[in-house]
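Undergrad: I am attaching a structure below and will ask some questions about it afterwards.
The values are calculated or read from the model by the stated rules, or taken from the named source; none is laboratory data. Here the structure is a predicted model, which is why all the values come from computation and not from measurement. Here the Cβ positions follow ideal geometry from the backbone for every residue, glycine too, while neighbour counts run over all protein chains shown.
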Amino acid sequence: MRKNLLFIIFTFLIYPVYAQVIRGPYLQAMASTSVVIRWRTDVATNSRVQFGSSSSTLTQKVEDEKLVTDHEIKIMGLNPASKYYYSIGSTSTVYLGDESTFFQTAPVPGTINKYRFGVLGDCGTNSAFQGNVRDQLSAYLGNNYMNALILLGDNAYSLGTDPEYQSNFFNHYKETSLRKFPVFPTPGNHDYNNDNPDRQKDHKVPYFDIFSPPANGEAGGFPSGTKAFYSYDYGNVHFLSLDSYGREDQETRLYDTLGKQVQWIKADLAANKNKGWVVAYWHHPPFSQGSRNSETELDMIKIRENFIRILERNGVDLILCGHSHVYERTRLINGFYDYSGKFNNAVHNVSQSSGKYDLSDNSCPYIKKSSENKGTVYVVSGSAGQLGSPAAGFPHKAMYYSNADHGGSMILEVEGNRLDAKWIGIDGLIRDQFTMEKDVNQVKTINLDAGKSVKLEASFIGKYVWNNGETSRSITVSPTVDTEYSVKDAENCIVDVFKINVASPLPVKLISFSAAADASNVVMLKWSTEFENQFAFFQVERSVNAKDFTDIGHVKGSENSSQTKSYEFSDPTGKTVFTADSIYYRLKMVDLSGKFEYSRVAAVKLKEIILATEPNVPFDIEIVPNPSVQEDIQVRLTGQERGSALISVIDISGKVILTKTVLLSKNLTHILPKGISKGVYFLKAVIGNRTVTKKFMIL
């Protein structure tokens with residue numbers, strides 16, 4: 001017996017085990033730089049994923065030596081928004097990999113582009129109905145990539161068992177979706193063993209073994225630490241996948257506002273306030289009178305009454321649910337948490353439009369402002385696998401559109417500040433659609449110098465009709481007088497206005513400006529003008545940091561001249577005040593009306609000047625600390641024991657603010673009076689025939 005066992009082990013080590021893939025591959029936890037790839041084999045093997053930029057160059061690999069039937073490989077270090085081909089297998093055999101096995105990583109969160117997200121609610125029925133809905137979604141996509149597939153729960157009827165997941169879910173979507181589009185699921189009551197209260201508490205259902213969502217924030221969301229609920233970013237869209245059936249900590253549910261899940265939701269929304277769009281999805285809808293009735297079912301009533309106001313208050317734009325096997329959707333609404341009969345169009349609709357944006361009557365898009373972010377659209381899309389009979393009272397009064405006669409799926413298309421949602425029927429028709437836009441209808445005032453041009457860009461995405469006849473999203477204009485430009489969409493729903501104020505040029509043209517210091521640090525400024533018209537004077541300004549300038553003198557202009565005029569200005573302050581440092585000058589050119597403009601800045605590097613007739617008696621002064629607050633600054637003598645010094649303190653404009661004689665020594669001495677303001681100053685000390693100047697700063 002021992003020999004036979006050794007022979008089997010030896011044979012296994014020498015000859016590779018050939019397995020068949022019976023599930024997958026399927027993509028999980030897609031992020032900007034990582035992805036999880038899962039699959040199942042009929043016998044246990046080790047795992048290998050090879051990947052690369054083309055199906056023929058899979059030069060990179062990740063391996064796991066454990067022998068398993070359920071394989072899970074995480075690839076990290078990928079490039080954002082990049083396409084990768086891959087194969088799956090063992091370390092000795094490739095099981096599957098060709099042109100159809102590829103994925104595209106998510107972009108860096110916040111990136112603007114066009115993204116597509118498919119939505120399937122209650123899909124896992126293992127029926128021809130399910131297959132037809134799937135095929136119409138694929139037909140709509142064509143060759144376009146679907147950045148994510150969102151599942152709204154009840155993904156495998158009727159008990160959510162592992163065999164049901166195989167037959168009702170994986171076998172249906174493995175070819176069209178799972179191997180190339182990442183899946184972001186949420187559980188329904190059937191995933192919880194068909195309303196099994198014990199499974200609500202312990203979460204011991206196949207759903208949590210099958211899926212690997214980004215629960216630790218690896219896809220940009222706030223970490224939840226549980227597969228039951230999580231969040232993630234895709235471009236400028238932030239998604240929350242919530243669990244409306246399970247009990248967290250074996251006790252609280254989604255409608256328990258003090259429970260673990262709701263506390264995480266609040267933290268996640270607080271951390272993601274500045275995302276372009278926020279979409280939340282879960283299984284049990286707050287509003288429906290389809291095969292499930294929010295008028296009578298306790299779960300749905302409590303979610304409506306206790307929970308959804310938290311999402312509305314935090315600016316969630318769109319809420320997607322399943323559970324009810326119909327399609328229903330509201331307008332942009334706010335503040336409604338009651339029974340159907342209490343819905344008031346005038347009170348609860350933020351917009352009375354259909355939102356269809358299709359040139360039909362009253363169909364302009366739902367428009368939101370990021371600063372207010374008021375209003376949410378609620379959608380029930382639970383007919384991807386079957387239809388159900390509507391409840392009494394159907395359609396729900398909050399719904400703009402309801403359909404219990406056709407199944408279907410949804411596609412969300414997001415580009416920048418525009419979101420389009422379409423419900424694709426089982427017959428391939430787009431039976432409902434709506435558009436949301438943010439921060440459009442802008443009015444901008446632009447001040448423009450004459451002779452300059454400016455680029456104007458519409459705030460919205462669509463077709464463009466400018467009042468000057470242009471049809472592109474952006475135009476470049478060079479008006480010579482005050483002009484108003486406007487651009488509207490082809491549906492006449494959105495208008496941006498640009499008010500351009502053209503500033504007339506200053507009636508002087510400066511053609512040269514220079515600054516130079518002589519050996520004694522006297523700075524000579526020279527400049528010339530080509531013409532002057534109604535011109536008053538030049539104000540000469542100086543700075544020690546090229547930012548804060550001080551007026552040091554005026555030079556009268558020629559008022560009216562068509563000839564070249566030359567000017568000079570001498571600044572002798574550096575002769576005795578400034579150390580070896582750069583000094584900056586500019587001209588403020590002022591006309592007779594008081595209008596002005598500045599010249600470019602000219603810089604001069606000065607020398608440190610030390611006057612001395614006793615070169616053999618060295619000394620210096622030290623300012624401690626420098627920079628400092630006024631009360632702390634002190635001075636001491638270095639190079640000799642002590643000396644009587646004539647001290648002068650000069651501000652950066654050259655104004656002497658203090659002169660006194662003090663006895664300096666090697667010990668620190670306070671010399672500054674109180675009340676000197678913050679700024680840059682110069683300390684000049686004269687001892688005998690020697691002069692030293694130091695710069696200091698008071699903070």
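Undergrad: When you scan the range 199-209, do you find a residue that is surrounded by fewer than 24 Cβ atoms within 10 Å (Cβ to Cβ), charged (D, E, K, R), assigned to a loop (DSSP other than H, G, I, E, B) and free of Cβ contacts under 8 Å to residues at least 12 places away in the same chain, even just one? Quick ask: steps written out before the conclusion?
TA: From the range 199-209, those surrounded by fewer than 24 Cβ atoms within 10 Å (Cβ to Cβ) are 199-206, 208-209; that's our starting set.
The next check asks that each one be charged (D, E, K, R); those that pass are 199, 201-202, 204, 209.
Next, only the ones that are assigned to a loop (DSSP other than H, G, I, E, B) stay: 204.
Pick out the ones that are also free of Cβ contacts under 8 Å to residues at least 12 places away in the same chain and you get 204.
Yes, some residue in the range 199-209 is surrounded by fewer than 24 Cβ atoms within 10 Å (Cβ to Cβ), charged (D, E, K, R), assigned to a loop (DSSP other than H, G, I, E, B) and free of Cβ contacts under 8 Å to residues at least 12 places away in the same chain.
Undergrad: Another one. I'd like to check which strands (runs of 3 or more DSSP E) are fully inside the range 622-699 and have at least 2 residues that are touching a residue at least 60 places away in the same chain (Cβ under 8 Å) and polar (S, T, N, Q).
TA: Where strands (runs of 3 or more DSSP E) fall fully within the range 622-699 and carry at least 2 residues being touching a residue at least 60 places away in the same chain (Cβ under 8 Å) and polar (S, T, N, Q), they are 690-698.
Undergrad: When the range 438-456 is examined, which residues are found to be exposed (fewer than 12 other Cβ atoms within 10 Å of the Cβ) and either assigned to a strand (DSSP E or B) or touching a residue at least 60 places away in the same chain (Cβ under 8 Å) (or both)? Even if it seems obvious, please write down each step before you answer.
TA: Residues of the range 438-456 exposed (fewer than 12 other Cβ atoms within 10 Å of the Cβ): 443, 445, 447, 451-453, 455.
Result: Val443, Thr445, Asn447, Lys455.
Undergrad: Suppose we filter the range 316-351 for residues that are among the aliphatic types (A, V, I, L, M) and part of a loop (DSSP other than H, G, I, E, B); how many remain?
TA: Here is the first cut: in the range 316-351, the residues among the aliphatic types (A, V, I, L, M) are 316, 318-320, 326, 332-333, 346-347, 350.
Adding the requirement that they be part of a loop (DSSP other than H, G, I, E, B) leaves 316, 326, 332, 350.
Summing the residues that are among the aliphatic types (A, V, I, L, M) and part of a loop (DSSP other than H, G, I, E, B) in the range 316-351 gives 4.
Undergrad: Among the candidates Ala148, Ala106, Ala128, which residue alone is of a type in the set (A, V, I, L, M, F, W, C), surrounded by fewer than 20 Cβ atoms within 10 Å (Cβ to Cβ) and modelled with pLDDT of 95 or more? Show your work before the answer.
TA: Working: Ala148 fails: surrounded by fewer than 20 Cβ atoms within 10 Å (Cβ to Cβ); Ala106 fails: surrounded by fewer than 20 Cβ atoms within 10 Å (Cβ to Cβ).
Step by step, each of Ala148, Ala106, Ala128 is checked, and only Ala128 is of a type in the set (A, V, I, L, M, F, W, C), surrounded by fewer than 20 Cβ atoms within 10 Å (Cβ to Cβ) and modelled with pLDDT of 95 or more.
Undergrad: Next up: Within the range 527-549, can you find the residues that are surrounded by 15 or more Cβ atoms within 10 Å (Cβ to Cβ) and more than 22 Å from Ser504 (Cα to Cα)?
TA: Going through the range 527-549, the residues surrounded by 15 or more Cβ atoms within 10 Å (Cβ to Cβ) turn out to be 527, 529, 531-533, 535-544, 549.
Hits for the range 527-549 are Trp527, Val540, Glu541, Arg542, Ser543, Val544, Phe549.
Undergrad: Restricting to the range 593-622, and then to whatever is modelled with pLDDT of 90 or more and more than 18 Å from Ile511 (Cβ to Cβ), can you tell me which residue is surrounded by the most Cβ atoms within 10 Å (Cβ to Cβ)? Quick ask: steps written out before the conclusion?
TA: Start the filter on the range 593-622 by keeping residues that are modelled with pLDDT of 90 or more, which leaves 598-604.
Okay, now just the ones that are also more than 18 Å from Ile511 (Cβ to Cβ), so 603-604.
On the way: Ala603: 11, Val604: 21.
Filtering the range 593-622 for residues that are modelled with pLDDT of 90 or more and more than 18 Å from Ile511 (Cβ to Cβ), the one surrounded by the most Cβ atoms within 10 Å (Cβ to Cβ) comes out as Val604.
Undergrad: Same structure, new question: Working carefully through the options Ile511, Ile552, Ile475, Ile500, find the one that is aliphatic (A, V, I, L, M), part of a strand (DSSP E or B), free of Cβ contacts under 8 Å to residues at least 40 places away in the same chain and at negative phi.
TA: The conditions single out Ile475.
Undergrad: Checking Ser512 against (1) in the same structural domain as Pro479 (by TED's automatic domain parsing); (2) over 41 Å from the mean Cα position of the chain (by Cα), only one condition comes out false. Which one?
TA: Going through the list (1) in the same structural domain as Pro479 (by TED's automatic domain parsing); (2) over 41 Å from the mean Cα position of the chain (by Cα), Ser512 breaks only (1).
Undergrad: So how many residues does the range 403-425 have that are surrounded by 22 or more Cβ atoms within 10 Å (Cβ to Cβ) and either outside the structural domain of Leu387 (by TED's automatic domain parsing) or among the hydrophobic types (A, V, I, L, M, F, W, C) (or both)?
TA: 7
Undergrad: Can you tell me which of (1) buried (at least 18 other Cβ atoms within 10 Å of the Cβ); (2) outside the structural domain of Trp277 (by TED's automatic domain parsing) is the one Val133 doesn't meet?
TA: Val133 satisfies every listed condition except (2).
Undergrad: For the range 557-576, which residues satisfy the criterion of being touching a strand residue (DSSP E or B) at 6+ places or on another chain (Cβ under 7 Å), surrounded by 14 or more Cβ atoms within 10 Å (Cβ to Cβ) and either among the charged types (D, E, K, R) or free of Cβ contacts under 8 Å to residues at least 40 places away in the same chain (or both)?
TA: Ser558, Glu559, Ser561, Lys565, Asp571
Undergrad: Additional query: On the basis of being among the aliphatic types (A, V, I, L, M), in contact (Cβ under 8 Å) with a residue 12 or more places away in the chain and not in a loop (DSSP other than H, G, I, E, B), does Ile112 make the cut?
TA: So Ile112 fails the test.
Undergrad: Let me ask something else about it. Against the conditions (1) part of a loop (DSSP other than H, G, I, E, B); (2) closer than 25 Å to Gly388 by Cβ; (3) without any contact (Cβ under 8 Å) to a residue 60 or more places away in the chain, where does His283 fall short? Just the number, please.
TA: Condition (3) is where His283 drops out.
Undergrad: Still on this model: Consider the range 127-183. How many of its residues are closer than 24 Å to Val326 by Cβ and of a type in the set (Lys, Arg)?
TA: Of the residues in the range 127-183, 1 are closer than 24 Å to Val326 by Cβ and of a type in the set (Lys, Arg).
Undergrad: Residues in the range 399-437 that are closer than 23 Å to Ala139 by Cβ, outside any loop (DSSP other than H, G, I, E, B) and among the hydrophobic types (A, V, I, L, M, F, W, C): how many?
TA: 10
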